[in-house]
Amino acid sequence: AIDDDIALTEIDIGNLIRTKGSIYAGCKVLLDSVGLGFRDLDQVIIAGGFGRHLDLEKAIFIGLLPDLTIGKFIFVGNGSLLGARLLSFSRTLLKEAERISLMMTNLELSNHAGFMNEFMAAMFLPHTDAKAFPRVQERLRLKKKAA
């Protein structure tokens, strides 16, 4: 049993806002750099323990994740372990992974001209780009109407 109070401090909220801002901004800049947007994605794969406990609707509402249909998000658990298992059983997948690895490039976000602008825009609750979050805007509108 927990005997102490659980407290959410201003520092905790600031950390959450910076974290969600950097994740969203990093993904947006990455997609922009290859001429794509979030709506172009067929799937968003979320790996690790982070995804296991993530409430997708709330993550979208605060601007951590893009405003896509919930069905586009897939949780894979320990993605590195899953990948290692798959590659250990398939030479075809191993060759495909090697081929893909040769196409990789590095995008240094700290040096990217647009990252800081995207990061600053993503540091608000809700996100400052209302057009990027239409379902969130609709929920806010309905909530305001009901009040």
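Of all residues in the range 118-128, which are within 16 Å of the chain's Cα centre (by Cα) and in a loop (DSSP other than H, G, I, E, B)? Scanning the range 118-128 gives 122, 123, 124, 125, 126, 127. In the range 1-25, the residues that are closer than 26 Å to residue 132 by Cα form Cβ pairs under 8 Å with partners that are assigned to a helix (DSSP H, G or I) and charged (D, E, K, R), at six or more places apart or across chains, as follows: 24/118; 25/118.
Might you check whether a residue that is closer than 16 Å to residue 26 by Cα and not in a helix (DSSP H, G or I) occurs anywhere in the range 140-147? Spell out the reasoning first.
Pass one, the range 140-147, residues closer than 16 Å to residue 26 by Cα: none.
Looking through the range 140-147, none of the residues is closer than 16 Å to residue 26 by Cα and not in a helix (DSSP H, G or I).
Those helices (runs of 4 or more DSSP H) of the range 1-117 in which at least 3 residues are small (Gly, Ala, Ser), under 30 Å from residue 141 (Cβ atoms) and at pLDDT 95 or above, considering only elements entirely within it, cover 10-33.
The values are calculated or read from the model by the stated rules, or taken from the named source; none is laboratory data. Just so it is clear, the model here is predicted, and its values are computed rather than measured. Ideal geometry is used to build each Cβ from the backbone, glycine not excepted, and the neighbour counts take in all protein chains shown.
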